[in-house]
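Trainee: I have a structure here, written as C-alpha cells, and I will follow up with some questions on it.
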Amino acid sequence: MPATRPSSDMIIHRLASSDCEIKLKAIREVKNQIIGNRTKKLSYIKLGAVPVLAAVLAGADADSAPGSSLIVQSAAALGSFACGVDAGVRAVLDAGAFPHLIRLLSAADDKVADAAARSLRMIYQSKLAPKYDFYKEQDMGFLLSLLKSGNENLTGLGASIVIQSCETSDEQNILCCAGALERLISLLDGSLSQRDFSLESIAAILKNNPEVVSKFVDLQNGRALSSIIELTKDRYSRTRLLASLCLICVNNSSSCYLQDTGIETKLINILLELLDDSGKVGDHACFAFSSLVEGKEDVQKLAFEANAIDKFNNHLQNCALHPKRLEGIFIALAALCSKLECCRSKFLSLQALNILVDALTYDDANVRTAACICLKNVSRSIKNLSAGYFMNERTVATLVRLLSDLSTSVRVAALGAISNLLIDFTPQKSRFIQCGGIKELVQLTKSMDSSLRLNAVWALRNMVFLADKTCKEEIFMELTVSSVASLICDPEPSVQEQALALVRNLVDGCMDCVEYAFAEDGIILDAVERQLQKSSKIEIGIQGMYLLSNIACGNESHKEAVMQLLFSKAENGSLSFFSRFLLSNDSRLRPSALWVIVNLTFPASPGAFGRIVKLRNVGIVSQIKKMVNDPSMDVKLRARQALGQIITFGDN
C-alpha cells in the first residue's frame, strides 16, 4: 500500500521537534501543502503553525548550515502563508516574524537574505503590511539601500515597500527628493522582474502629483520618459500595462508633456488590446482605462471612436468573467459614459442594460458597487430618463433593496444612482415610493456614516425637486420637522448644504409648501438662520439664499419672516450676514442673495414699500446700486431687476 500523508496535527507536532532534521522535513511539508492552497493555509493558521514557524525563524543560527536551512525553509513557508491571504499576513505579523525577517536581510549567507527578502515581498503585497515612515531618516536610508542593492530580491522588496507605503503627496515628494526615482529608472535596464516592479513603483510615486511628474519628465533630459514610452511596445503584456500606467499618471497631471506623441490614442489602443489577456493584466487594464478617460471629454471621444464600448460589451457577454474583471468593465464603462451622450446611447443600443441590472445583485460587493456607479453615469441623460429605460419595477426594487446592503460602498453607490434617476420625473417617483424607497432614504439620513447621510439627503433633495404636493407631503411627514432641522445643523458642512437644498426644493411651489418651513414654531427656519449666521462655506450661503428666496415668493407673513431673519440682528451697526453675501467675491453667492431682494420687493406685494424702506435704512439699496455694473452678467441682471422694482416706489 502507498504511504499515507501525515495528518496536519502530526506535522504541527513535528514542527516543534528538537531534532533539526525532523523539524526541517515538517517545515517543507507545510510549505508544499499550502502553496497555492487557501484552504490549507487557513487550516494550518487555525492549528497554530505560524507562531511555531516564527519561533524557528527567530531561534535558528544563520551561521550554521542546519540553522541556515531551517531559516530558509521557515521564511519560505511564512511567505507562502502571507501570499494572497490577508489572514496569513495578519498571522505572520501577529507572530512577531516581521522584525526577524528584516534582521535577516543583512545575513552573511545570501540564501538566508534572499529567503527573508522573498518572504517580506509576499507580506508587502498586502495592505496590512507595516507602513514605512519615509520621514524617518533611518527608514529612508534602509529603503534606498534596498533599491541600490545588486540583489534582485532586495531591490524587489524596496520597490514593494514603495508601492504599499507611498500614499500621500508629501511621501511622494520625499521619495523624489531622496533620489528614489533615479534609482528606479536605472532598474528599467534590469531583468523582466526588476523592470516591472520598477514601473509599478514609479507609477506610485507619480500618481496625482504634478510637482513630482514635472521633475520626472525632466530627468535625464527626458530620456526616462522616452524609455517608458518605448516600454509600451514591449513583448510582455504586464510590462506594457505598467508602462501605460506610468504614462497615464503623467498625462493626468498635464497633457502638455505628451501632446506631441498622440499618446492618448496609443494608450487607448494598448489598453483595449490588453483586455484580451484572461488574467490579472486584463483585469487591471480595465481600471487603467478608467483612469485614462475619467473626467476628460476629449479622451472619451477618442475612446468612443476606437469602439471601446463595443469592446467592453463583447467581454460583458462572457458569463464566466472573474468578479475583478466584471468590476473593472463597469468602472471603465461608467467613466466612458460620464459626459458624452453618444457613449450612453451606444451602451443602451447594445442591450447591455440587462447585464448591468443583473450585476446589481451579484455576490461580490465590489461588482454591485461598480454596477451602481455605471448605472448612475449611463442614466445621466434627460432623453433616456424620459424614455423610462431605467425606472422599471425590477430596477427600482433592486436599487431600493441595495439601500440596506451590508456594504457601505454599495449603499453609497446605490444612493448615487437613485439620485440621478429621481430628478424631475413624477411618474417614476411614485414607483420609487411604492417600492418603499422613501422609508429607506429617511432611515439612512440618520446613519452614523456621514457619506450615507450626505447621499441620502441628496437623493431626497432630488426626490422633492418639482414634485407634486402629495409627494412632498409624504416625504415631509416621513422625515419629520425635527429631523430636517437636525440635518441642517449636521456636523458635516456637506450634509448641511444638501439639507438646505432639500428644504429649498420642499418650499418651492404652492403656498402650502412654503408652510413647511414654519412647521412646529419655525424650528426649520431657526436652524437655517443659525447656519447662515455662522457658516463660512459659500455653498451653504448659496443654498440658504435660494431657500429664503423661495419663501419670499409666499404671502406677506412669509416675506416678513424672511425680513426678520435677515435683519433682526443688524441693528447694532454690525454688518449682517446678508450684507456680507452681497459683498462676496463669489459670483454664485451674490446673485442668490439678490434673488431674495427681487422676491421681497415685488411691486404688487402690499408690504413691498415698507420692506424697501427697511432695506434703505440698513444700507442694502445703496449696495445694490453699486452692483448694477458688476463684472458678472448674472449679478448685473439681478441687481438691475431688483433696483427697477425698488425705484417704482421712488428713488428716495
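The values are calculated or read from the model by the stated rules, or taken from the named source; none is laboratory data. Everything numeric in this text was worked out from a predicted model, so none of it was measured. Every residue, glycine among them, receives a Cβ derived from its backbone with ideal geometry; neighbour counts consider all protein chains shown. Side chains included, ligands, DNA and RNA excluded: accessible areas come from the protein's heavy atoms. Shrake-Rupley method; radii C 1.70, N 1.55, O 1.52, S 1.80 Å.
Trainee: Among (1) buried (at least 24 other Cβ atoms within 10 Å of the Cβ); (2) closer than 13 Å to Leu101 by Cα; (3) not β-branched (Val, Ile, Thr), which single condition is Ala55 missing?
Mentor: Ala55 satisfies all of (1) buried (at least 24 other Cβ atoms within 10 Å of the Cβ); (2) closer than 13 Å to Leu101 by Cα; (3) not β-branched (Val, Ile, Thr) except (1).
Trainee: Say whether the condition of being in contact with a Phe, Trp or Tyr (Cβ under 7 Å, 6 or more places away or on another chain) and within 12 Å of Ala459 (Cβ to Cβ) is met by at least one residue in the stretch 373-387.
Mentor: No, the stretch 373-387 has no match at all.
Trainee: Return the residues of the stretch 347-378 that are closer than 20 Å to Leu275 by Cβ and in contact with a Cys (Cβ under 9 Å, 6 or more places away or on another chain); say none if nothing qualifies.
Mentor: Once the filter is applied, which keeps residues that are closer than 20 Å to Leu275 by Cβ and in contact with a Cys (Cβ under 9 Å, 6 or more places away or on another chain), the stretch 347-378 yields Phe347, Leu356, Ala359, Cys374, Asn377, Val378.
Here is a yes/no grid of residues against (1) closer than 18 Å to Ile248 by Cβ; (2) open to solvent by less than 20 Å² (accessible area, probe 1.4 Å):
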site	(1), (2)
Gln125	no, no
Asp139	no, no
Leu147	no, yes
Ser165	no, yes
Ala178	no, no
Ser226	yes, no
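Trainee: For the subset of the stretch 276-305 comprising residues that are on the phi < 0 side of the Ramachandran plot and not in a helix (DSSP H, G or I), which member is modelled with the lowest pLDDT? Spell out how you get there, then give the answer.
Mentor: We begin by selecting, within the stretch 276-305, every residue on the phi < 0 side of the Ramachandran plot; these are 276-294, 296-305.
Imposing the further condition that a residue be not in a helix (DSSP H, G or I) reduces the set to 276-279, 294, 296.
Values: Asp276: 93, Asp277: 92, Ser278: 87, Gly279: 91, Glu294: 94, Lys296: 93.
Ranking the candidates gives Ser278 first.
Trainee: Read through the list (1) surrounded by fewer than 22 Cβ atoms within 10 Å (Cβ to Cβ); (2) touching a helix residue (DSSP H, G or I) at 6+ places or on another chain (Cβ under 7 Å); (3) among the hydroxyl-bearing types (Ser, Thr, Tyr), then give the number of the only condition that Thr445 fails.
Mentor: Every condition holds for Thr445 apart from (1).
Trainee: Oh, and also: Could you say which residue among Ser244, Ser237, Ser193 is closer than 24 Å to Ile161 by Cβ, in contact (Cβ under 8 Å) with a residue 12 or more places away in the chain, open to solvent by 10 Å² or more (accessible area, probe 1.4 Å) and of a type in the set (Gly, Ala, Ser)? Spell out the reasoning first.
Mentor: Working: Ser244 fails: open to solvent by 10 Å² or more (accessible area, probe 1.4 Å); Ser237 fails: closer than 24 Å to Ile161 by Cβ.
Residue meeting the stated conditions: Ser193.
Trainee: Here is a follow-up. Please return the ranges of helices (runs of 4 or more DSSP H) entirely within the stretch 595-652 where 2 or more residues are open to solvent by 50 Å² or more (accessible area, probe 1.4 Å) and touching a residue at least 40 places away in the same chain (Cβ under 8 Å). Lay out the reasoning, then the answer.
Mentor: On the way: elements: 608-617, 620-626, 633-646.
Passing ranges, in order: 608-617, 633-646.
Trainee: Ala332 versus (1) touching a residue at least 40 places away in the same chain (Cβ under 8 Å); (2) open to solvent by 10 Å² or more (accessible area, probe 1.4 Å); (3) not in a loop (DSSP other than H, G, I, E, B); (4) not charged (D, E, K, R): which is the lone unmet condition?
Mentor: Of the numbered conditions (1) touching a residue at least 40 places away in the same chain (Cβ under 8 Å); (2) open to solvent by 10 Å² or more (accessible area, probe 1.4 Å); (3) not in a loop (DSSP other than H, G, I, E, B); (4) not charged (D, E, K, R), the odd one out for Ala332 is (2).
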